[in-house]
Amino acid sequence: MKKRLALFALILLMVVTTACSSGSKNAGGSSDDKGDSGEWKPDKPIEIVAPSGAGGGWDTTARMAAKMFNEAGIIDQKIGVVNKEGGGGSVGWAYVASKEGSPYNLFVSSPPLLLVPLNGQSKYDHEDFTPLANVIADYAAFAVKADAKWDNLNELFDDMKKDPSSITVVGASAPGSMDHIQFIKIAKAAGVDITKIKYVSDQDGGALTSLLNGSVDVYSTGVAETVEQVKAGKIKVLGVTSEERLEGDTLSDFPTAKEQGIDATFVNWRGFFGPPKMDKAAVKYYEEKFKELSDSKEFAEVREKYGWDEMYMDSEEYKKFLDEQKEEIKGLLDDLGLAK
Amino acid sequence: MDVFHGLIQGFEIALSFQGLMFVFIGVVVGTVIGMIPGLGPITAIAVMIPITYGMDPAIALLLMAGVYYGAAYGGAAASILLNAPGTSEAVATTFDGYPLAKQGHAGKALALSAIGSFVGGTISIILLTFLAPTLAKVAVSFGPPEYFALMLLGLTAIASLSEGSTIKALISGTIGLMIATVGIDAQTGTARFTFGNAHLLEGIDFLVIALGLFALAEVASLIKNRKEKATNMHSVGSLKLTKAEAKEVAPTMGRQSLLGFLVGVLPGAGGTIASFMAYISEKKLSKNPEKFGKGAIRGVAAPESANNAASGGAFVPLLSLGIPGSGTTAVMLGALIVLGIQPGPLLMNDHPDVFWGVIASMYIGNILLLILNLPLIPYISRILLVPRQLLISLIIVFCIIGVYAVSFSTFDLYLLLGFGVLGYVMRVIKFPAAPMLLAFILGGMMEQAFRQSLTISNGSLSIFVTSPIAAGMLLVAFLAFLVPIIKSRKSKKNDPAENNKSA
């Protein structure tokens, strides 16, 4: 109770101080507000929630950001990463949603923040939180066995148009979630009847196995998951969902869907959010800090190491981007009859 | 020769000061965590991941591997001493381990499990060392229809696990299958049998059911029978096996290690199926199958050899293909990615230090575990010397902590209590609980594999017979199911009195 009271008092104090200073900030102009007395600064450790178990994409992003913030000296306060696993993210989101107004509880997220609520499995979606900044982008890859008869996406989609029942797509997530939707989006743009696509979900790590032993035909996954298998000559990537070819060894060999004449992309964006009703001054603080992080050479090395793309958006851009993405995904789910 | 060259390189890493230290830390942490019901290897490794940031990847993986097989070692203790299996791999160990402890042979049961684990672990590492690249093909030979057949084969154990009425065992198994359907369905994303309760979206956790049906039900029985002065439970007994006993379990450990390793190689199958299959096959092979479930030493040696061998087998797909074979190795794979190593078919060439370092460290880790565990047995089993009132409270506390540590949800505690009551009622009306738990463990995976197969085949059941592996296993499964039923029909006809008893 004491802790909560203290926190409440702190928040109250902050609200009061920022409310008082907001006038002066506006007067000071938005271009340069360093030295502004109303600026918010963390005065205790910051917590970043990864709404998944340790070791996944969210966890890696959160931990790397936390580490680089401190190593590059961008934020001096300690940053702790906490794993809140469960419900495809909804457990972690519910936790952060309960921290209304706190500028010390951030979380990392990606398209599931839109998909999971649309599938009816979380009562919180991106509109309930305060978008701070998007940081990186990752892309989907569609792979087939190395000796498969298709050499590009158009050959595959042509066969799918002729006989949709002959081709099975596998992914590691449930229907209506990322691995499924990313494939649907590209297939739709190519003119395939998406209601006829056979999608199998394998959530116990067997998706790649099923592809390798020929049980299924196409593996819808992230770009990074395919690289080692391609290098070993086990699978080939028919297409990736980025705007332009990716950079890097092996990665640059993957053709985009766009260059194959299919006008669609899918971005696995990853960024940071705060609890509902986070204070504007704190949002501004984090926006700037994430920008600094994104521009730092330390984080550039991290991006290179994990094969991520740079994709910075500030709070406002991010919000707009998410609203658009949500509409788009909702349309796809409606077509599939999966929207709830 | 490449193998030996690689092994030498591996031992250089594993025997370095840092290597030895982290293998030691890994196996100690693994054993301790394995002993506490509720803290399985997945939790342990997830806790380790943040510690490994910035570590040399080879050292980080050998630390996590140590935790992994260390937990498989330690998992037997709670099963044998408290009838509280902390992981699904350790369920089969309770069947004969706990009766042995009740009869005052806790020391022997624990020694058997330690030795069985050592044998299983060592045999699987040797196979891993020499056959990993060859076995990689086996690892990917199973698709959805084959997995369905394998799970169904595992389910036939229900018939073997039933004492007395097969019908009761089947009812119990059916309830288990029903419980497995609770939660979000992976193939459609629909919530099933959740009654709008968000706590049920993830399904019911294994621990809730296992600790409820086994441990809490046992506690209730202990309370009810508190006046009886029967048990020898307060004595631990000798650790030593007689020559005859050693002779009896040696072939068991050998063959079940092989079986366990092979099942472990298959991604997704893992230690649970391996331990159940080992238990059942050993019962079938035994000349005195009626002794199983009442404290047969082979009933402890078989699952313990198999589940440890399976944890070694799970490294085959992980190291040679970059495919995780179990939930725990999936977490390890994630940790490797965080450390900047993308595991895949080229791991052995690109990062021989990681590949061979881990394998070499497992030889050392297994020896360390045996040296650590054997002398500890008298101390661990002292828990039985605790006065019964205290022991009972202790078991309840362990169960509650275990369940709460998984989900941090009080709803699960009510469920635990519910399953405890159910388990006790089932005991009173003589319904076996093991088939329910087994069906629950296998049911979820079996259903997914079944529906994946049917999606692939556009709804045609022929997919299950066109694959020779699947067809073969299905045939064995049906035989295993039918033979006992026919047998019991025959014996019932011969003995109508028996019929009345079981009805």
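Bear in mind these aren't lab numbers, they're just calculated from the coordinates by the rules spelled out. Predicted, not measured: the structure shown is a model, and the values here were computed from it. Using ideal geometry, Cβ is built from the backbone for each residue, glycine included, and neighbour counts are taken over all protein chains shown.
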ask   = Can you pull the Kirkwood radius for chain A, inverse mean 1/r over Cα pairs, to one decimal in Å?
value = 21.3
query = With point charges of +1 on the Cβ of Lys and Arg and -1 on the Cβ of Asp and Glu, referenced to the Cα centre of the protein assembly as shown, which listed residue (A:F299, A:A94, A:M160) lies farthest in the positive direction of the dipole?
reply = A:A94
inquiry  = I need the semi-axes of the equivalent ellipsoid of the stretch B:410-466: take the C-alpha gyration tensor, multiply each eigenvalue by 5, square-root it, list largest first in whole angstrom.
reply    = 35, 15, 6
key: Which listed pairs, of A:K277/A:K319; A:K258/A:K320; B:K108/B:K430; A:K67/A:K291; B:K108/B:K291; A:K277/A:K326, have C-alpha distances above 18 Å, in listed order   = A:K258/A:K320; B:K108/B:K430; A:K277/A:K326
query = How many partner chain Cβ atoms sit within 10 Å of a residue's Cβ in peptide A:194-206, on average, as a whole number?
reply = 6
task = Sort A:255-264, B:62-71 for me by packing, meaning the mean count of neighbouring Cβ atoms within 10 Å per residue, highest on top.
result = B:62-71, A:255-264
key: Alpha carbon centroid spacing (whole Å) that separates the stretch B:247-309 from the stretch A:283-340   = 51
key: Within chain B, helix-based [θ] at 222 nm, where runs of 4 or more DSSP H residues each add -39,500 (n - 2.57), nearest 500   = -24000 deg cm²/dmol
task = Answer with one residue from B:A159, B:H351, B:Q103: the one whose Cα lies farthest towards the positive end of the charge dipole of chain B, charges on Cβ with Lys, Arg +1 and Asp, Glu -1.
result = B:Q103
ask   = Per residue and in cubic angstrom, what volume does the convex hull of the Cα atoms of the stretch A:139-267 have?
value = 91
ask   = With charges set only on the Cβ (+1 for Lys and Arg, -1 for Asp and Glu), what does the dipole of chain A come to about its Cα centre, in debye to the nearest 20?
value = 1200
inquiry  = Taking 0.36 nm per residue of sequence separation and subtracting the Cα-Cα distance, how much length would be gained by fully extending the chain between B:Q389 and B:V483, in nm to one decimal?
reply    = 29.4 nm
request  = Within 10 Å of each Cβ in peptide B:324-331, how many partner chain Cβ atoms are there on average? Round it to a whole number, please.
outcome  = 3
inquiry  = Using only alpha-carbon positions, what ratio does the radius of gyration of the stretch B:15-72 give when scaled by 2.2 N^0.38 Å?
reply    = 1.03
request  = For B:K247, list the aspartates and glutamates whose Cα falls under 12 Å from its own Cα; do not include residues on the same chain fewer than 8 positions away.
outcome  = none
remark   = Residue-normalised 222 nm signal for chain A, counting each DSSP H run of n ≥ 4 as -39,500 (n - 2.57), nearest 500 deg cm²/dmol, is -13000 deg cm²/dmol
query = In what sequence do B:H351, B:H199, A:H180 fall when counting other Cβ within 10 Å, fewest first?
reply = B:H199, B:H351, A:H180
request  = May I ask you to sort B:Y404, B:Y379, B:Y147, B:Y414 by Cβ crowding, counting other Cβ atoms within 10 Å and putting the fewest first?
outcome  = B:Y379, B:Y414, B:Y404, B:Y147
task = State which entries of A:K41/A:K99; A:K84/A:K196; A:K84/A:K340; B:K168/B:K240 exceed 27 angstrom in Cα-Cα distance in the structure shown.
result = A:K84/A:K196; B:K168/B:K240
ask   = What is the percent of Cα-Cα separations in the stretch B:2-502 that go past 39 Å?
value = 20
request  = Could you quote the convex hull projected area for the protein assembly as shown, Cα atoms only and averaged over all directions, in nm²?
outcome  = 37.4
inquiry  = Give the lysines whose C-alpha is closer than 17 Å to that of B:K137, dropping any in the same chain fewer than 8 places away, or say none.
reply    = A:K145, A:K234
message = With an 8 Å Cα cut-off and a minimum separation of 6 or more residues, compute the relative contact order for chain A in percent.
response = 23
key: Extension gain, B:K294 back to B:A471 (0.36 nm per residue minus Cα-Cα distance, nm)   = 60.3 nm
task = Pull up all non-local amide H partners of B:L39: gap of 5 or more, or a different chain, and H-to-H distance under 5 Å with H placed in the peptide plane.
result = none
note = Using alpha-carbon coordinates alone, the radius of gyration and Dmax of the stretch B:118-202 in Å work out to 18.9, 52
task = Considering Cα pairs under 8 angstrom that are at least six residues apart, work out the relative contact order of chain B and quote it in whole percent.
result = 29
key: Partner chain coverage, peptide A:208-218 - average Cβ within 10 angstrom   = 6
